[in-house]
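Heads up: the structure comes next, in structure tokens.
Values quoted throughout were computed directly from the atomic coordinates according to the rules given, and no laboratory measurement underlies them. Keep in mind that this is a model prediction, so the values were computed, not measured. Methodologically, a virtual Cβ is constructed for each residue, glycine included, from the backbone with ideal geometry; neighbour enumeration extends over all protein chains shown.
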């Protein structure tokens with residue numbers, strides 16, 4: 001493979017001389033999501049000048065699938081470039097990796113893509129010399145890039161991490177390897193943010209002017225709402241590359257909800273440095289919305305819609321919905337939201353879009369399950385655990401207001417699973433909702449856990465008793481007694497405060513033992529406890545004394561005329 005590598009380098013040099021822009025320049029331009037059009041122009045010129053150079057073919061294909069909004073047609077165009085290369089006899093490992101990348105983006109067979117990757121690794125592994133047995137780092141990096149790309153459900157980030165770590169150990173200077181490694185970690189979820197930061201920091205160590213790595217770290221700290229840290233990294237990214245537009249957009253997106261003046265300043269810088277694109281006009285309409293200039297925002301949105309009628313931008317529907325909701329027309333907002341979710345590609349939908357949908361749909365009775373469905377989508381697309389928990393709590397509240405308690409309980413169970421360590425509020429939500437859902441066995445289960453965690457709180461005992469009473473039927477007679485006795489033990493810590501509650505609990509036991517179980521001796525014992533609570537003459541004392549007399553006579557009669565199944569008083573053992 002050494003001979004092929006030398007030929008590739010020669011081809012790149014030739015293209016550089018003839019066009020004045022190198023392949024390396026084009027690759028650097030790919031770092032921005034918002035210079036796609038100009039980047040594609042560079043690669044198209046390079047490709048037209050040398051259509052059989054594997055590296056040029058590969059990177060031209062990559063330019064077609066780069067950018068903020070990648071459409072199926074873009075992916076199909078990149079695939080056609082790679083397939084044409086094979087047809088033209090450019091049967092090179094880098095092209096195989098490119099086709100595997102396309103297979104991932106088209107949700108094809110992941111194993112088939114991996115087979116192409118492994119074949120490329122085998123074909124480029126050195127067979128002699130000091131690098132004998134070592135794979136080609138550029139091939140490993142391209143494989144990592146393929147698995148870093150796309151949505152969180154596409155590719156295999158763990159596989160990508162494995163290959164990128166191999167590449168990083170072989171090539172100690174290529175910052176791109178570490179950037180792809182960081183992105184793969186992010187695809188695994190927010191809990192891997194620390195590992196991603198380490199990878200991006202290593203990219204900066206390899207290339208101190210790498211604005212992309214600095215921007216990527218800043219984005220992680222934006223997700224943690226840590227402005228001190230993300231501003232530091234964004235400022236460093238701007239200093240390293242003032243023409244890198246992505247940083248300005250990130251600052252606009254953050255500050256548009258906080259300070260519209262700072263947002264506008266960064267939006268202006270973004271527009272100057274990004275390719276001219278209708279999406280940029282969309283950001284201006286968004287700014288007008290954030291500045292509470294709703295009618296102006298609507299006018300701008302309509303202008304963009306008219307200009308892009310042959311190539312519609314789905315996010316326009318979201319802007320319509322946002323503005324109409326603020327102007328009080330929730331019916332229009334709902335209609336445009338439905339259009340947005342029906343037409344927007346998955347990678348263009350943000351967690352905040354689902355949040356807004358919840359706000360609108362929750363205003364229409366009977367839409368509770370639809371509304372919660374949007375929250376489910378928000379959870380799927382948000383990697384921050386705290387945000388997912390907030391969405392889930394919102395879903396639970398919506399279902400609770402609709403009295404859909406069984407569904408509400410499932411959400412509280414998810415929250416408990418994600419949290420691990422539960423607060424008293426968490427235990428109360430689980431116990432109370434299980435009771436409302438008439439799942440009394442589950443109520444007792446959660447109440448027991450509640451009591452174990454918070455033995456000095458009353459609600460665990462309360463809901464255990466309520467659930468046990470609900471189960472205290474002909475099929476489970478007496479099941480409430482243990483719960484009542486446990487609650488009374490708790491209530492007895494403050495008799496003066498809880499005297500009446502203790503008395504009523506004992507009354508329930510008295511009815512059970514005196515009428516249902518026919519355990520008159522136990523009934524008399526309960527009467528003595530009740531008299532001890534109200535020893536002086538009064539309504540309660542009179543009632544219990546009378547009941548004790550009745551039970552005493554019943555016990556005497558039972559002992560004189562025993563029947564099968566009668567409960568006999570326990571013997572003293574003397």
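You can think of it this way: the chain between residue 41 and residue 231 has 65.1 nm of extra reach, that is 0.36 nm per residue less the Cα-Cα gap. The simple spin-label model puts a point 7 Å past each Cα toward its Cβ; for residue 88 and residue 370 those points are separated by 5.1 nm. Each listed q (0.14, 0.21, 0.24 Å⁻¹) maps to a log10 I(q)/I(0) for the range 489-561 from the Debye sum over equal C-alpha point scatterers, namely -0.43, -0.86, -1.05. When the Cα centres of the range 62-105 and the range 132-194 are compared, how far apart do they sit, in Å? The range 62-105 and the range 132-194 have Cα centres separated by 19 Å.
So if R0 is 56 Å, what FRET efficiency would residue 24 and residue 406 give, r being the distance between their Cβ atoms, rounded to the nearest 0.05?
The pair residue 24/residue 406 has a calculated efficiency of 0.40.
Extension gain, residue 332 to residue 350: 0.36 nm times the residue separation minus the Cα-Cα distance gives 4.4 nm.
Think of it as helices only: each DSSP H run of n ≥ 4 in the chain is worth -39500 (n - 2.57), and spread over all residues that comes to -23500 deg cm²/dmol at 222 nm. Among 422, 327, the ranking by other beta carbons within 10 Å of each residue's beta carbon, starting with the fewest, stands as 327, 422.
Taken over the range 172-249, the alpha-carbon convex hull comes to 80 cubic angstrom per residue. If R0 equals 22 Å, the separation of the Cβ atoms of residue 458 and residue 397 corresponds to a calculated FRET efficiency of about 0.40. When 141, 348 are sorted by how many other C-beta atoms sit within 10 angstrom of their C-beta, beginning with the fewest, the order is 348, 141.
Computed with the Debye formula from one identical point scatterer per Cα of the range 79-197, without solvent, the log10 of I(q)/I(0) at q = 0.10, 0.12, 0.14 Å⁻¹ comes to -0.30, -0.42, -0.57.
Compared with the dominant principal axis of the Cα atoms in the chain, helix 294-307 is inclined by about 50°. Using R0 = 45 Å, the C-beta based FRET efficiency linking residue 259 and residue 499 works out to 0.15. Rg/Rh, computed from the Cα trace of the range 348-448 with Rh as the Kirkwood radius, has the value 0.99.
The share of C-alpha pairs in the range 252-399 whose separation exceeds 26 Å stands at 28 percent. Entry note: the range 208-273 has Rg to Rh equal to 0.94, where both radii use alpha-carbon atoms and Rh is the Kirkwood radius.
Principal-axis analysis of the Cα atoms of the chain puts helix 424-436 at an angle of about 70° to the longest axis. The average projected area of the range 176-328, computed from the convex hull of its Cα atoms over all directions, is 10.1 nm².
Here, the chain is characterised by an Rg to Rh ratio of 1.19, where Rg is the alpha-carbon radius of gyration and Rh the Kirkwood radius.
Just the Cα atoms of the range 429-574, one point each, no solvent: what log10 I(q)/I(0) does Debye give at q = 0.10, 0.15, 0.19, 0.20 Å⁻¹? Taking Cα atoms of the range 429-574 as identical point scatterers yields -0.41, -0.85, -1.12, -1.17. Segment residue 541..residue 172, full-extension length gain: 124.0 nm, with 0.36 nm per residue of separation and the alpha-carbon distance subtracted. In plain terms, the residue of 272, 370, 222 with the fewest other Cβ atoms within 10 Å comes first and the most crowded comes last, giving 272, 370, 222. Angle check, please: helix 385-401 long axis (alpha carbons) against the longest principal axis of the chain (alpha carbons), in degrees 0 to 90, nearest 10. Once rounded, the angle reads 50 degrees. Summarising the overall dimensions of the range 119-173 from its C-alpha atoms, the Rg and Dmax are 12.0, 40 angstrom.
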